Amino acid sequence: MPFLALFGLCFVAPIVYAVQQSLHRTERTGPLGLGGREHEAFAGLANYAHALADDRFLAGFGRVLLFGAVQIPLMIALATALALLLESASARGIAFFRSAFFLPYGVPGVIASILWGFLYVPGISPLVKIADAVGWDVDFLSRGTVLWSIANIVTWQFTGYNMLVLIAQLKSVPGELYEAARIDGASAWQVARHVKLPLIRPALVLTTVFSIIGTLQLFAEPMVLRPLASSIDSGFTPNLHAYSEAFVGNNPHVAAAEAVLLALVACVLSFGFLRLVGGRAKERRR
């Protein structure tokens, strides 16, 4: 009962409230709708139609989908490589490197974005100065590169977290399996490919699903970098657009509709990915 109470209060109730807000609109009485009193009226799916007709909102969806298609495989591959290296028999200094790789996850996203912002701004960035010294003209905050600059921040911050999830799965694998593979003449690469990777598949699926959901919720990094990059506008990501609708445009009902649409897309992509990998697993067993 305590769990159900907290679950209903902290999870179910906000979802119900967001859906309820998305189905209403604010009407104002008085001449031309100015002054007078405000009241809420049922709007049906009008707010959803308004959101789907907004080109900036749809462009933000396309942008985060492109972001995820590139960043998620790269981050998961890097986390997997680090986990396999730290769990290899010849690894040294495991505790130090594990802590070092995980440390960026302990830095809040806002602080991480500020730190990397200093490394991106021309004039004060040592990275830009090094690039200029070798004759490479680079602008990390230009329209064509700012999305990948944000991808670098996210990868830097969350690779260590995903690595620990994979390491935890690796530690649950019986050591006898590795010993049997070595007795059969398997090399370290063959053990990693044919023994370790198949056995950590559940952890890989879990980290990928979390990464998909996190990508669609991208907000803190573009919000912090927005004053530094003119290419980041209020519709850069769906979350940023919903925030602008609610607190800048004073239209919380449309923002609620956009939040519900974002949640639906996250569910479709997450369950679609789970169904895809589940179908492939069944085919392999056959």
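The values are calculated or read from the model by the stated rules, or taken from the named source; none is laboratory data. This structure is a prediction, so every number in the text was calculated from the model and none was measured. Accessible surface is based on the protein model in full, side chains and every heavy atom, while ligands, DNA and RNA are left aside. Shrake-Rupley method; radii C 1.70, N 1.55, O 1.52, S 1.80 Å.
Some values worked out for this structure:
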{"read-out": "Computed P(r) (all Cα pairs; segment 31-177; 10 Å bins; percent)", "value": "9, 24, 25, 19, 13, 7, 2, 1, 0"}
{"read-out": "Accessible surface ranking that places the most exposed of F210, F42 first, with a 1.4 angstrom probe", "value": "F42, F210"}
{"read-out": "Helical mean residue ellipticity (222 nm; -39500 (n - 2.57) per DSSP H run of 4+; nearest 500) of the chain", "value": "-21000 deg cm²/dmol"}
{"read-out": "Accessible area (Å², 1.4 Å probe, nearest 10) - Y120", "value": "10"}
{"read-out": "Heavy-atom surface of segment 99-179, accessible at 1.4 Å and reported per residue (Å²)", "value": "54"}
{"read-out": "Identified option (computed semi-axes √(5λ) of the Cα gyration tensor in Å; candidates [x] 42, 27, 16; [y] 30, 23, 19; [z] 46, 21, 18)", "value": "[x]"}
{"read-out": "Extension gain from Q20 to L115, taking 0.36 nm per residue of separation minus the Cα-Cα distance", "value": "30.3 nm"}
{"read-out": "Top of R275, R98, R28 by mean-square fluctuation, Gaussian network on the chain, Cα under 10 Å", "value": "R28"}
{"read-out": "Sulfur and carbon atoms: percent of accessible area, segment 101-189 [1.4 Å]", "value": "69"}
{"read-out": "Per-residue HN-Hα couplings for segment 209-219 [Karplus 6.51, -1.76, 1.60; θ = phi - 60°; Hz; x = Gly/Pro]", "value": "5, 4, 5, 4, 5, x, 5, 5, 8, 3, 8"}
